[in-house]
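See below for the structure under consideration.
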Amino acid sequence: MLLRKRIDSILRSFEKDFETHNRIEVSQSALVHNLKMFGKISGKPVIPVLKGNAYGHGLELVATALKGQNVPYIAVDGYFEALRIREVSSQPVLIMGAIKPTNFPRIKYDNFTFVVQDEVTVGALGAVGKKIKVHLECNTGMNRYGVKPDGVEKLLKLIMSFQNLELEGVMSHLADADGTDPATAQKAEEQFDACVEAARKLGARPTLLHVAQTAGSTRSKSQYANAMRLGIGLYGINPFAPDNTLHQQLAGLRPALRLMSTITQVINLEAGDKVSYSYTFTAPKPMRIGALPLGYFEGVNRSLSNAGVVKVGNTYAPIVGRVCMNHTMINLDGVKAEVGDEVIVYSDNPDDRNAIDRIAAGQGLFNYSLLTGLSPDVRRVLVP
């Protein structure tokens, strides 16, 4: 582990001196703005969720950006994500995903709290002997993880039978928080409240109760929830479709990410010349195109072939031909651009045609996956 840290440190110092053609800029002020906005909307403490490489923004980068914020936990999916958080931040970490129970005797318990929902996991944590905080997950209709209502009492009794386990929290996840029928979320929250009541009836006193995520924060009616988890909203993406009445309530979100690249080649085409794989683009007249050194491996969705745009200065340049693994070609006709000029591939301005939400809506894509599909190999930098 020490050797790995040393190698990583050397590589990071080298990267600082090595200029790249591609980079992802993450705005600290946007992250903090969105975090505080949801604190006001929900009226509750906010648990920022940094799973999935912080939704593609960079786990360590976002954890660093949030170090000065007073939050109950940083939430992640897995143990190794928690270790990466600990490299840059001492904030408590809530590990929400499943861990093989055989691993518990040999992992670190460095202010880490674990979500539990089955007897095997509870038993394995109890056998460790160390003081460990746990949050019980209740299944309120998602049918993914969580103990079902008829098993809550039995699992609670098992948790409470281990003196080293502290039932600090109860949680669930709303499956239809962004739907059009508020009754579905209300029913789920009623089941969550019943789970909290079951814990209290047995003498447990969990202090952190959370059921709502980004979308759920706008319509949560739980009588017990005293915190919320903030996932996609932290990064400035609206989970509601524009025609949903709740979309406007989150209109103040600020996208935190933009993807930048550089024109590394300019090619003059003659009428009839073709571009990229399978010749899906043919030049209708003499024209200029530019090559960008990033493609679908770096995260440019392949469905943007002959359909997307990038921004060069204040001008949109259409993507021409198929997006390649590591290259994308753009139409430079009428655009003042040369080799070395930077372009915005994914914009942080929600009004731009190449903003994440507008790309997703225009191409029938999932906005979350556009972000999480960004390669970890693309350098990420924190900007104000």
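The values are calculated or read from the model by the stated rules, or taken from the named source; none is laboratory data. Everything numeric in this text was worked out from a predicted model, so none of it was measured. Here Cβ is always computed from backbone atoms with ideal geometry, including for glycine, and neighbour counts include all displayed protein chains. In case anyone asks, the SASA skips ligands and DNA or RNA and just uses the protein heavy atoms, side chains included. Shrake-Rupley method; radii C 1.70, N 1.55, O 1.52, S 1.80 Å.
Rundown of residues vs (1) closer than 20 Å to Gly203 by Cα; (2) open to solvent by less than 20 Å² (accessible area, probe 1.4 Å); (3) assigned to a loop (DSSP other than H, G, I, E, B), yes/no style:
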position: Asn103; (1), (2), (3): no, no, no
position: Leu125; (1), (2), (3): no, yes, no
position: Glu153; (1), (2), (3): yes, no, no
position: Leu156; (1), (2), (3): yes, yes, no
Residues that are surrounded by fewer than 21 Cβ atoms within 10 Å (Cβ to Cβ), within 25 Å of Leu250 (Cα to Cα) and in contact (Cβ under 8 Å) with a residue 40 or more places away in the chain, drawn from the range 179-199: Thr180, Thr184, Lys187
Which residue is farthest from Gln163 (Cα to Cα), if the candidates are limited to the range 200-229 and must be open to solvent by 60 Å² or more (accessible area, probe 1.4 Å) and among the polar types (S, T, N, Q)? Gln223
So for the range 1-17 (the condition being at pLDDT 95 or above and among the hydroxyl-bearing types (Ser, Thr, Tyr)), does at least one residue qualify? no
Checking Lys285 against (1) in a loop (DSSP other than H, G, I, E, B); (2) within 19 Å of Leu374 (Cα to Cα), which test does it fail? (2)
Per the filter on the range 158-172, residues part of a loop (DSSP other than H, G, I, E, B) and farther than 18 Å from Asn139 by Cα are Phe162, Gln163, Asn164
Within the range 39-56, restricting attention to residues that are open to solvent by less than 20 Å² (accessible area, probe 1.4 Å) and out of contact with any helix residue (DSSP H, G or I) (no Cβ under 6 Å at 6 or more places or on another chain), which residue is farthest from His210 (Cα to Cα)? Val49
Given (1) open to solvent by less than 50 Å² (accessible area, probe 1.4 Å); (2) under 30 Å from Gly364 (Cα atoms); (3) part of a loop (DSSP other than H, G, I, E, B); (4) touching a residue at least 24 places away in the same chain (Cβ under 8 Å), number of the condition Ala175 does not satisfy: (1)
Looking only at the range 66-95, count how many residues are without any contact (Cβ under 8 Å) to a residue 60 or more places away in the chain, open to solvent by 30 Å² or more (accessible area, probe 1.4 Å) and under 21 Å from Pro45 (Cα atoms). 7
Matching residues, the range 105-114, being on the phi < 0 side of the Ramachandran plot, outside any helix (DSSP H, G or I) and surrounded by fewer than 22 Cβ atoms within 10 Å (Cβ to Cβ): Ile107, Lys108, Tyr109, Asp110, Phe112
Neighbours by Cβ (under 9 Å, 6+ apart or cross-chain): first from the range 322-334, within 14 Å of Val345 (Cβ to Cβ) and open to solvent by 60 Å² or more (accessible area, probe 1.4 Å); second modelled with pLDDT of 95 or more and aliphatic (A, V, I, L, M): His327/Ala291; His327/Leu292; His327/Leu294
Selection status of Gly295, under 17 Å from Asn22 (Cβ atoms), among the small types (Gly, Ala, Ser), part of a strand (DSSP E or B) and open to solvent by less than 10 Å² (accessible area, probe 1.4 Å): no
Extreme residue, nearest to Ala177 (Cα to Cα), among residues of the range 127-151 that are within 23 Å of the chain's Cα centre (by Cα) and surrounded by fewer than 16 Cβ atoms within 10 Å (Cβ to Cβ): Met142
Could you tell me which residue of the range 263-282 is nearest to Ile359 (Cα to Cα), considering only residues that are hydrophobic (A, V, I, L, M, F, W, C), in a strand (DSSP E or B) and open to solvent by 30 Å² or more (accessible area, probe 1.4 Å)? Phe281
Matching entry among Arg353, Arg379 (being modelled with pLDDT of 95 or more, open to solvent by 70 Å² or more (accessible area, probe 1.4 Å), basic (Lys, Arg) and out of contact with any Leu (no Cβ under 6 Å at 6 or more places or on another chain)): Arg353
Under 6 Å between Cβ atoms, at least 6 apart or on separate chains: pull out the pairs that start in the range 114-126 with a residue that is under 14 Å from Ser161 (Cα atoms) and end on any residue that is in a loop (DSSP other than H, G, I, E, B) and not aliphatic (A, V, I, L, M). Gly126/Phe162
Quick check on Asn314: is it out of contact with any His (no Cβ under 6 Å at 6 or more places or on another chain), of a type outside the set (A, V, I, L, M) and touching a residue at least 12 places away in the same chain (Cβ under 8 Å)? no
